[in-house]
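Before I ask anything, let me first share the structure, which is written out below as structure tokens.
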């Protein structure tokens, strides 16, 4: 008998890390020194916050570099950065540092902005708790997906990669290991939050689960 899939969600307390940047060199210093939770907040959690805003930027670093410093080339590189390629925050941090460091090394003049326009590195302390929603079959999964919050979708499809330290999400992992549906699991794992917002992701998953039931 399949082990039920338990839906969780999270809430977080956001606080200042003590690092801020008013130019690219200071941004690089911050990337090297801030706690891992700050990298998570600005790189991964921004995908959740994007669900509630109209910004086209995929992460906070790209938004600041492009929108405040007007460094289009670097902004584009940071905007195209896909954090889902990484299963460890330290690896994502290292790649960010590599991108910014290479650009800084080719730059002679660094625009310095005012304190009001500076980038403030924030950290996040997360609290995870169950929603009291679970699924033991595809019909139950489809029903559950209709009612859980966007935060729960984010937690299971995006953040779970860091928890599992695997290039998959825990919903796909459950479908593969508990329901023996590797093809459906693989399909869901290809859905990217860069192509769809969280509501669109929810609807895409519901659609493929519905098709699998037929």
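Which whole-number percent is the relative contact order of region 63-214 (Cα, under 8 Å, 6+ apart)?
Here the relative contact order equals 21 percent.
While we're here: Please compute the alpha carbon radius of gyration of region 1-119, then divide it by the globular-protein estimate 2.2 N^0.38 Å. Two decimals is fine. Write down the numbers at each step before the final one.
Working: Rg = 15.8 Å, N = 119, 2.2 N^0.38 = 13.5 Å.
The reported ratio for this selection is 1.17.
Tell me the angle of helix 89-105 to the major Cα principal axis of the chain, expressed in degrees between 0 and 90 and rounded to the nearest ten.
Computed tilt is about 30 degrees.
Another question about this same structure. By how many degrees, 0 to 90 and rounded to 10, does the Cα axis of helix 198-213 deviate from the longest principal axis of the chain?
The answer is roughly 30 degrees.
Another question, then. Regarding region 59-160, what are the three Cα extents along the principal axes, ordered largest first, in Å?
Sorted from largest, the Cα extents of region 59-160 read 59, 28, 21 Å.
Which one, (i) 18.9, 64; (ii) 21.6, 64; (iii) 17.3, 50, gives Rg and Dmax of the Cα atoms in Å as derived from the coordinates shown?
(i)
Tell me what the chain gives for mean residue ellipticity at 222 nm when only DSSP H runs of n ≥ 4 count, each as -39,500 (n - 2.57), the sum divided by the residue total, rounded to 500 deg cm²/dmol.
On the way: 12 runs with 105 residues, N = 214.
Helix-only estimate at 222 nm: -13500 deg cm²/dmol.
Angle check, please: helix 24-33 long axis (alpha carbons) against the longest principal axis of the chain (alpha carbons), in degrees 0 to 90, nearest 10.
In the chain, helix 24-33 runs at an angle near 50 degrees to the longest axis.
Laboratory data are not the source of any read-out in this text; all were calculated from the coordinates shown. All figures in this text were calculated on a predicted structure; none of them were measured in a lab.
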